[in-house]
Amino acid sequence: MIYCAGQMESFAFAKSIGVGLVESAINLTQSVLFDKPDEIVFIGTCGSYSTAIPLLEVFESYGASNVELSFLEDKSYTPLDNILTNVSRETILNAEQKIVNSSNYISTDSNLAQKMLKLGIAYENMEFFSILKVANHFNLPAIGIFCSTNYIHKNAREEFLSNHKAAMQKLESYVKNKLDSTLGK
């Protein structure tokens with residue numbers, strides 16, 4: 001089943017589950033229990049910690065993290081496992097993993113973005129960590145399909161808004177082409 005956050009990121013072919021870690025976890029859990037999907041496909045936009053990665057690039061990911069910015073400044077710690085991959089997909093990963101960090105906050109500090117890159121984390125999206133956490137709990141295969149809209153810097157919001165429409169069109173085209181090829185059309 002295909003899911004998206006909703007609000008600004010809604011698609012006719014995807015079920016909206018809410019913005020951020022909490023809403024998406026609650027609503028995805030409810031959907032898994034009632035809709036009983038065989039697989040979770042999450043689509044959405046993301047920011048990029050690396051300016052070497054082209055904007056409006058569509059990619060797939062099976063890995064997510066929940067690293068808060070205070071951790072990067074040695075101001076917090078967590079007893080939780082904060083980097084995970086989808087257990088059902090883990091064995092088929094051949095390419096370099098693209099880890100997507102999730103937080104209820106959007107980063108705007110380019111110096112902290114460099115610290116994320118040093119941890120092997122290249123992108124951020126508000127929901128993906130909770131998506132994989134729920135998928136792993138129910139032992140469901142899951143994938144994220146993302147399009148990068150902005151780099152992490154003080155004007156990230158404006159850059160996101162200027163690229164959002166193009167990113168949504170690229171995501172829709174990518175998913176439709178992927179579905180057509182899967183269905184043999």
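The values are calculated or read from the model by the stated rules, or taken from the named source; none is laboratory data. In this text, all values refer to a predicted model and were calculated from it rather than measured experimentally. No Cβ is skipped: glycine too gets one built from the backbone with ideal geometry, and neighbour counts run over all protein chains shown. Keep in mind that these areas ignore ligands, DNA and RNA; they rest on the heavy atoms of the full protein, side chains included. Shrake-Rupley method; radii C 1.70, N 1.55, O 1.52, S 1.80 Å.
How large a share of the accessible area of the chain, in percent, is made up of carbon and sulfur atoms when the probe is 1.4 Å and the other protein chains stay in place?
On the way: 5220 of 9720 Å².
Ligands and nucleic acids excluded, carbon and sulfur give 54 percent.
List the chymotrypsin sites (Phe, Trp or Tyr not before Pro) within the stretch 104-133 that fall in a DSSP loop (any state other than H, G, I, E or B) and whose Cβ has at most 15 other Cβ atoms within 10 Å. Working shown, then result.
Values: sites: Tyr105, Tyr123, Phe128, Phe129; in loops: Tyr105.
Passing sites in the stretch 104-133 are Tyr105.
Of the listed pairs Lys15/Lys118; Lys15/Lys178; Lys115/Lys170; Lys133/Lys154; Lys36/Lys98; Lys15/Lys36, which have alpha-carbon separations greater than 25 Å here?
Those over the limit are Lys15/Lys118; Lys115/Lys170; Lys133/Lys154; Lys36/Lys98.
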Just how large is the dipole of the chain about the Cα centre, in debye to the nearest 20, putting +1 at every Lys and Arg Cβ and -1 at every Asp and Glu Cβ?
240
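Compute the accessible area per residue over the chain, keeping the other protein chains in place, probe 1.4 Å, unit Å². Write out the running numbers ahead of the final one.
Working: 9720 Å² over 185 residues.
On a per-residue basis, 53 Å².
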Candidates for Cα extents along the principal axes in Å are (i) 45, 38, 33; (ii) 60, 41, 28; (iii) 52, 42, 27, and the calculated one carries label (i)
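List the chymotrypsin sites (Phe, Trp or Tyr not before Pro) within the stretch 1-53 that DSSP assigns to loop and that have no more than 14 neighbouring Cβ atoms inside 10 Å.
On the way: sites: Tyr3, Phe11, Phe13, Phe34, Phe42, Tyr49; in loops: Phe11, Phe13, Tyr49.
When the chymotrypsin sites (Phe, Trp or Tyr not before Pro) of the stretch 1-53 are filtered for loop state and at most 14 Cβ neighbours within 10 Å, Phe13 remain.
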I want the local charge near Ile106. Using Cβ-Cβ distances under 13 Å, sum +1 for each Lys or Arg and -1 for each Asp or Glu among the other residues.
-4
Options Tyr77, Leu56, Ile106, ranked by Cα towards positive dipole end of the chain, top entry (Cβ charges):
Leu56
Once each part is reduced to its C-alpha centroid, what is the distance from the stretch 114-185 to the stretch 48-81 in angstrom?
12
